[in-house]
Amino acid sequence: MGILKSLRGPDVDAFAKKLANELSSRYPAAVEKSPQKRISVNRITRLLEETFAQAETFKNEHRLGWIKKAKLGNSFRWELKELGYSEEFIEVATEGLIVYVTRKSDAAADTAKPD
């Protein structure tokens, strides 16, 4: 039963929801869709990078395998969709999240380098 529970990953779903809600609190979907309330690309980039850094930390702390990484990406995507973001924003945000959680961490890269 423990193996099946680890594959389901309820902690991954909860974390993805938390990430999306934190992003939404700092950059609401209504602002993203409103032509009058545009914020700078640099600010959006910083917000997304902060979100992705949290996901990378979560990945390193919980040693996510490829199934849980995929689950994290899908849960994040669906939560952004429920929050009302545009498809374009959802694609960019989800792709960035996947890139961050699938790349090797700096510590792992340093140990892999020959001296």
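Looking across the stretch 28-67 at every residue that is at pLDDT 90 or above and of a type in the set (D, E), the one that is surrounded by the most Cβ atoms within 10 Å (Cβ to Cβ) is identified as E56.
Looking only at the stretch 16-72, filter to residues that are touching an Asp or Glu at 6+ places or on another chain (Cβ under 7 Å) and aliphatic (A, V, I, L, M); which one of those is nearest to V101 (Cα to Cα)? For the stretch 16-72, the residue satisfying everything is A16. Looking only at residues of the stretch 85-103 that are of a type in the set (S, T, N, Q) and part of a helix (DSSP H, G or I), we find that the one that is surrounded by the most Cβ atoms within 10 Å (Cβ to Cβ) is T94.
The values are calculated or read from the model by the stated rules, or taken from the named source; none is laboratory data. Computed from a predicted model, the values in this text were never measured in an experiment. Cβ atoms come from the backbone with ideal geometry, glycine included; neighbour counts cover every protein chain shown.
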